[in-house]
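Here's the structure we're looking at; comments come further down.
The values are calculated or read from the model by the stated rules, or taken from the named source; none is laboratory data. Note that the structure is predicted; figures quoted are calculated from it, not measured. We place every Cβ from the backbone using ideal geometry, glycine too, and count neighbours over all the protein chains shown.
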Amino acid sequence: MPQVSIGVPVYNGEKYLAEALDSLLAQSFDDFEIVISDNASTDRTSEICRYYQNKDARIRWFRSEQNCGAAWNFNRAFELSSAPLIKWAACDDLHEPRFLECCVGALRNDPGVVLSHTYIKMIDASGQALRHRGDCFVDGAGKPVPPQDRKHIAEALEPEMRFRDVLTHVWWCDQSFGVMRRDAFLKTARHGNYWGADKILMAELALLGRFHQVPERLFAKRVHDGCSVGKKLDELEDHIDVGPAPKSYHVMMFKDYIRLATTADISPRQRLHCLSSVARETFQVRPWRRMLHTLMFRGLDRYVAPLLGRR
């Protein structure tokens with residue numbers, strides 16, 4: 001059994017898949033397997049996967065007969081693997097040769113760490129680094145890109161502080177592309193089938209143990225026309241889950257944060273701290289604030305208006 005399983009979920013990734021796989025095969029730490037979960041691609045993805053599977057015995061390729069959505073495909077990539085350490089790798093991102101070596105080393109050195117990741121850099125479609133403008137990156141067309149995640153998230157000893165870190169400071173959820181302990185991941189509810197569920201997964205892992213960030217830029221996040229940054233909300237929801245019923249991701253995230261805060265194996269005081277973090281974040285994020293504002297005034301109209309003699 002290899003020490004690390006790298007799950008590569010892919011759908012129509014012919015443009016960047018080969019480059020992504022090459023960066024993984026060039027790792028200085030080589031005791032790993034690559035499990036490619038092909039979500040019924042219709043381009044040359046199958047041809048590329050077949051070539052790399054024949055090229056390197058560490059690569060296994062599995063193809064679905066129908067597109068079941070990105071969330072399903074991410075979870076399937078792990079279900080098909082077996083190593084004690086696991087990692088997702090997007091089909092368009094790149095890794096420096098020392099990425100696995102540094103992340104695996106951090107997990108070996110500290111049993112309290114459940115996820116190890118590195119500093120990131122943002123690159124464009126051609127692999128060139130994005131330039132900065134204030135707190136944001138800027139793509140080749142001059143369009144601002146949200147800032148990368150802050151450094152050293154969820155490294156505190158207290159689980160409630162790690163939970164608050166994820167709620168407050170995580171933007172891109174690039175931590176989810178670090179190396180995780182399988183036994184910790186198996187205690188989570190996996191990747192949910194709505195947009196933003198990767199942040200819920202990071203919050204759940206943060207309650208189980210500490211994160212560690214390697215202070216080197218060994219992971220490159222690619223920003224291009226086909227990535228999630230350029231998609232509208234309805235496109236993102238269809239991308240994550242191909243089911244017929246659209247979901248309000250704000251409501252789903254709120255419910256899952258409450259579930260985590262109330263069911264985690266922590267003390268009552270720590271649960272209360274987590275709930276206060278959820279409440280604070282809810283009132284600070286505009287869509288959630290608007291939702292609660294609407295619910296509050298509906299309640300006032302329902303219960304207070306009759307007392308005032310209004311119909």
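Suppose the filter is under 18 Å from the mean Cα position of the chain (by Cα) and under 21 Å from V104 (Cβ atoms); does F78 pass it? For F78, the condition - under 18 Å from the mean Cα position of the chain (by Cα) and under 21 Å from V104 (Cβ atoms) - is met. Elements of the type strands (runs of 3 or more DSSP E) sitting completely within region 1-100 and holding at least 3 residues that are surrounded by fewer than 20 Cβ atoms within 10 Å (Cβ to Cβ) and touching a residue at least 24 places away in the same chain (Cβ under 8 Å): these cover 59-63.
The set of residues in region 7-62 that are among the acidic types (D, E) and either more than 21 Å from A220 (Cα to Cα) or over 23 Å from the mean Cα position of the chain (by Cα) (or both) comprises D30, D31, D38, D43, E47, D56. Of the set (1) surrounded by fewer than 20 Cβ atoms within 10 Å (Cβ to Cβ); (2) assigned to a helix (DSSP H, G or I); (3) at pLDDT 90 or above, all apply to H239 but (3). Restricting region 104-128 to residues that are more than 11 Å from F177 (Cα to Cα) and among the hydrophobic types (A, V, I, L, M, F, W, C), the residue that is surrounded by the most Cβ atoms within 10 Å (Cβ to Cβ) is V114.
Would you confirm whether any residue within region 197-213 is modelled with pLDDT under 95 and assigned to a loop (DSSP other than H, G, I, E, B)? Checked region 197-213: no residue is modelled with pLDDT under 95 and assigned to a loop (DSSP other than H, G, I, E, B).
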